[in-house]
Amino acid sequence: MKPRSDASTLRVSRSSGATVAQEGRPGGLLLVVSSPSGAGKTTLCRRLVREHRGLSFSVSFTTRAPRVGEQEGVDYHFVSEEEFDAMIFRGGFAEWAHVHGRRYGTAVKTVRDALDRAGQVLFDVDYQGAEQLLSQFPAEARLAYILPPSMEVLERRLRARGTDSEEVIEQRLRKAGEELLHYNSYHYLVLNDDLERAYGELAAIYQVERARHLPGRQEFPATGDEAVALEVAQACALSRRIPLVEALIEQAGKAGQAGKAGSAAPVGQTGQAAHATSSP
């Protein structure tokens, strides 16, 4: 599979230092984050919003029932199937998709309001929504996908939640294998083998892309903390981590054939993964 070009996202100067070139319309940033269920996306996204005042969370609409502790208008806008249908008919969604038997969508108004005020918005959506947002807003949308260290670890995390039946867990694992095949749509791949390290990677991506979209700023000077952020973000670029995701896809395929996750080693411990993380 041909990887997405990273030239529109990260660029390194060959002369006075590393910079991120600013392309497209500066101002609004749509940071779109996806992952298989159980990979830690929600935890990472909530922390990123909590620790960065300029970043707001896009509250999606969904037809599923609220889970324990979830609040209307904070976690989701919970609506009926009929209300969701009415929003589709009115053209009220910038993206929407079926996920695990329920429908989720992002209101057009959420996106337009963010772009009008040159705001920064975090979207927690699956690959279908991510691809739709990128198609409609190619200059403003930047996509990051959270990877689990292995399919075995992903299964353990799903079981540890204690909220799903065996049938639902198996469904989520099959879905994870399908979702991973869409990795080429993303600009960045974040490996969540350690929560703190994964958060550092996502925060660095946000810092680099935020700078890239600042009005009037033509480049991102890589000095001090910014240089560190740029280096971390570059290490997460799609082209640098293809071996990681392909190892996961292979594990998912074998697990599907065996009918269980098996005993696959975390991708960070495979020869392919070691090559990916040490590549220039």
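Considering the stretch 220-280, the qualifying helices (runs of 4 or more DSSP H), each wholly inside and each with 2 or more residues that are of a type in the set (Lys, Arg), closer than 27 Å to GLU155 by Cα and at pLDDT 90 or above, run over 238-258.
The set of residues in the stretch 117-156 being basic (Lys, Arg) and in contact with an Asp or Glu (Cβ under 9 Å, 6 or more places away or on another chain) consists of ARG142 alone.
Say whether the condition of being closer than 23 Å to TYR186 by Cβ and at pLDDT 90 or above is met by at least one residue in the stretch 77-88.
Residues of the stretch 77-88 closer than 23 Å to TYR186 by Cβ: none.
The answer is no, given that none of the residues of the stretch 77-88 is closer than 23 Å to TYR186 by Cβ and at pLDDT 90 or above.
As a summary of the residue check, ARG142 satisfies the conditions (1) surrounded by 19 or more Cβ atoms within 10 Å (Cβ to Cβ); (2) over 18 Å from the mean Cα position of the chain (by Cα); (3) in contact (Cβ under 8 Å) with a residue 60 or more places away in the chain except for the one numbered (2).
Could you say whether any residue in the stretch 43-53 is assigned to a strand (DSSP E or B) and modelled with pLDDT of 95 or more? The answer is no, given that none of the residues of the stretch 43-53 is assigned to a strand (DSSP E or B) and modelled with pLDDT of 95 or more. List the pairs whose first member sits in the stretch 171-200 and is within 20 Å of GLN132 (Cβ to Cβ), whose second member is polar (S, T, N, Q) and assigned to a helix (DSSP H, G or I), and whose Cβ atoms are under 9 Å apart, counting only residues at least 6 apart or on separate chains? Pairs found: HIS182/GLN128. Scanning the stretch 37-71 for residues that are free of Cβ contacts under 8 Å to residues at least 60 places away in the same chain, out of contact with any strand residue (DSSP E or B) (no Cβ under 6 Å at 6 or more places or on another chain) and among the charged types (D, E, K, R) turns up ARG46, ARG50, ARG53, GLU70.
Residues of the stretch 71-93 being surrounded by 12 or more Cβ atoms within 10 Å (Cβ to Cβ) and either within 24 Å of LEU202 (Cα to Cα) or of a type in the set (Val, Ile, Thr) (or both), which ones?
Taking the stretch 71-93 first, the residues surrounded by 12 or more Cβ atoms within 10 Å (Cβ to Cβ) are 75-79, 83-88, 92-93.
Passing the criteria: ASP75, TYR76, VAL79, ILE88.
The values are calculated or read from the model by the stated rules, or taken from the named source; none is laboratory data. Fair warning: this is a prediction, and the values are worked out from it, not measured in the lab. Positions of Cβ are backbone-derived with ideal geometry, glycine not excepted, and every protein chain shown enters the neighbour counts.
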